[in-house]
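For reference, the structure is listed below as structure tokens.
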Amino acid sequence: MSKAETLPNQVVTIEPLTAAAFASFGMVVAHASAARRHYFPEALEHSPEAAQASFWVSRVDAVTQLPLAVTMMERHPYTTQTFLPLRGGRYLAVVASSDQQGLPDLATARAFLVAGHQGLTYHRDVWHCGMTVLDAPSEFAVLMHKTGRDDDDVFLELPRPFSIEPPVVPDPGA
């Protein structure tokens, strides 16, 4: 994703992250009860061919300025993918469902503002953008499974970019 001089026609407005709003794309990883432990079994979901667990730390140095033109998306056909913030601040989760051909259905594109203490698990095969940090360079622990065949990540340059913009806040003096 990159800032564009001329923004595309389709605009997706950033919305707050809630478990209900994000449910069709994945799961919010945050402690949401009074229990001592909160389990997230979906974070380990994968197809049988993706049997090799993979866990790493990813660093994102580039802080994104809004508005933002989304030019590329990715998906993982065999596994969920989980991001747990280790250091940094707020970040974006930009997602879209697949159309009948398996391509991103940009009519379903949404952008969620994620707090620095919340993690995410993307469902298998959900189109999403790479980590987009807003406040400061950040680090994330990442968990997914791999097939070992080099087909775990599908990247797609979009034929037509779309724009991510913050919500319009009404002027309190108006």
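What the table below lists for this structure:
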{"quantity": "Net dipole in debye of the chain [+1 Lys, Arg Cβ; -1 Asp, Glu Cβ; about Cα centre; nearest 20]", "calculated": "500 debye"}
{"quantity": "D (Stokes-Einstein, µm²/s), Kirkwood Cα radius, the stretch 46-108, 1.567 mPa s at 4 °C", "calculated": "88 µm²/s"}
{"quantity": "Alpha carbon centroid spacing (whole Å) that separates the stretch 114-155 from the stretch 23-43", "calculated": "16 Å"}
{"quantity": "Burial order of peptide ranges 120-126, 66-72 (average beta-carbon count within 10 Å, highest first)", "calculated": "120-126, 66-72"}
{"quantity": "The stretch 89-170 - charge dipole about Cα centre, Lys and Arg +1 at Cβ, Asp and Glu -1, debye rounded to 20", "calculated": "200 debye"}
{"quantity": "Accessible carbon and sulfur surface of the chain relative to its total accessible area, %, 1.4 Å", "calculated": "54 percent"}
{"quantity": "Relative contact order computed over the stretch 1-155 (Cα-Cα under 8 Å; 6+ residues apart), in percent", "calculated": "37 percent"}
{"quantity": "Ala107/Phe55 FRET efficiency (R0 25 Å; Cβ-Cβ; nearest 0.05)", "calculated": "0.15"}
{"quantity": "FRET efficiency, 1/(1 + (r/R0)^6) with R0 25 Å, evaluated for Asp150 and Ala23 via beta carbons", "calculated": "0.20"}
{"quantity": "For Glu45, distant residues with modelled amide H under 5 Å away", "calculated": "Thr80"}
{"quantity": "Gaussian network model of the chain, Cα within-10 Å springs - most flexible of Leu106, Leu84, Leu158", "calculated": "Leu158"}
{"quantity": "Kirkwood-Stokes translational diffusion coefficient of the chain, alpha-carbon pairs, 10 °C, 1.306 mPa s, µm²/s", "calculated": "94 µm²/s"}
{"quantity": "Charge dipole of the chain about the Cα centre (unit charges at C-beta), most positive-ward option of Val70, Ala53, Pro159", "calculated": "Ala53"}
{"quantity": "Per residue, in Å², the accessible surface of the stretch 5-123 once ligands and nucleic acids are set aside, probe 1.4 Å", "calculated": "54 Å²"}
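The values are calculated or read from the model by the stated rules, or taken from the named source; none is laboratory data. From a predicted model like this one, the values you see are computed outputs, not experimental measurements. Cβ sites come from the backbone with ideal geometry, for glycine too, and all protein chains shown count toward neighbours. Just the protein is used for accessible areas: all its heavy atoms, side chains included, with ligands, DNA and RNA removed. Shrake-Rupley method; radii C 1.70, N 1.55, O 1.52, S 1.80 Å.
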